[in-house]
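Have a look at the structure below, then the notes.
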Amino acid sequence: MLPYRGRFAPSPTGPLHMGSLVAAMASYLDARAHAGIWLLRIEDLDFERSVKGADREIIQSLQRCGMQWDEEIIWQSARTIHYQDALDKLKPWVFPCACSRKEIADSRVRMGLSNAQIYPGTCRNGIQNGVTAKAFRLRVPDGKASEIHFHDRLLGFQWQDLSAEVGDFVLKRADGFWAYQLGVVVDDAEQRITHIVRGSDLLDSTARQIYLQSLLGYSTPFYLHIPVVNNADGEKLSKQTGALAFDKGSKDLLNDALCPAAEFLNLRLSTKPTSITQFWEYATDAWKQKFFTDQGQSRPQ
């Protein structure tokens, strides 16, 4: 087995909130429990949503919480040449698409199909003369080849039919930005990530990423998707749903942020910690107890 390498990959759209702290904590604890490497990657490909200075705020908040990465931080915005190289390798499966989201939805309505977001294959066989391509999509296979299975270390067996549930998906967006799916797959492979621990809101992306990994000749990491933190209305905490920063300059991050995040993850700390250093010691032990022994689902790899 390869040595454990994990990562936390936030987007700098604002300061970290409790939901992103939970995700960071889970990935950090899994790496430390495996005596592995933990990396920090700033996923700033969407320049329109990125907030100036948010990356530095994220870095500082993680440091104040006692989390330390083991190698240099990378920024996706500095790696666009690598995504272009991957797109070139995928050329046999990639096609230009001139459809807007509204056109996709309208097309599916006309075809009597449900789920207006699934791409109906309009431009698979070429775009009309005089029409400008808006994006580049990856052609997904039909039949059994479209069925992707994987084992999640917490949720167990997972299955998705890419053709029926996703359709041909975007690798480079109409605005010229690289799509999340391509960026994350390329960076995880080049950083030699062996284990991915992230929120269950990204579970639906996993099959697409595994398919991309297979086409590019990359190894597939182990996955563990944890529950996401919701607000009072049951919506996932995010900047769009009004999530507030957990790091408000308080000196008591231990009790105001770290302990509540551990409680959300259902970690049973043996004793109430009195320092951040002690917190990580107790929380790592609790993570081992929970994820290395529960029904044998998540034993160290």
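Every number here is computed from the coordinates shown, using simple stated rules; none is lab data. Small disclaimer: the values here were computed from a predicted structure and weren't measured. Here the Cβ positions follow ideal geometry from the backbone for every residue, glycine too, while neighbour counts run over all protein chains shown.
Quick look at the values:
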read-out: Residue list for the range 15-45, restricted to those being of a type in the set (Gly, Ala, Ser) and crowded, with 21+ Cβ neighbours inside 10 Å; value: Gly19, Ser20, Ala23, Ala24, Ala26, Ser27, Ala31, Ala33
read-out: Matching strands (runs of 3 or more DSSP E) fully within the range 116-218 where at least 2 residues are of a type in the set (S, T, N, Q) and closer than 30 Å to Phe291 by Cα; value: 156-161
read-out: Count of residues meeting criterion [out of contact with any Phe, Trp or Tyr (no Cβ under 7 Å at 6 or more places or on another chain), under 23 Å from Ala179 (Cβ atoms) and not in a strand (DSSP E or B)] in the range 24-46; value: 1
read-out: Selected residue (only one of Ala164, Ala179, Ala174 is hydrophobic (A, V, I, L, M, F, W, C), closer than 26 Å to Ile81 by Cβ and over 16 Å from the mean Cα position of the chain (by Cα)); value: Ala174
read-out: Matching option when the condition is in contact with a Pro (Cβ under 9 Å, 6 or more places away or on another chain) and surrounded by fewer than 15 Cβ atoms within 10 Å (Cβ to Cβ), among Gly126, Gly143; value: Gly126
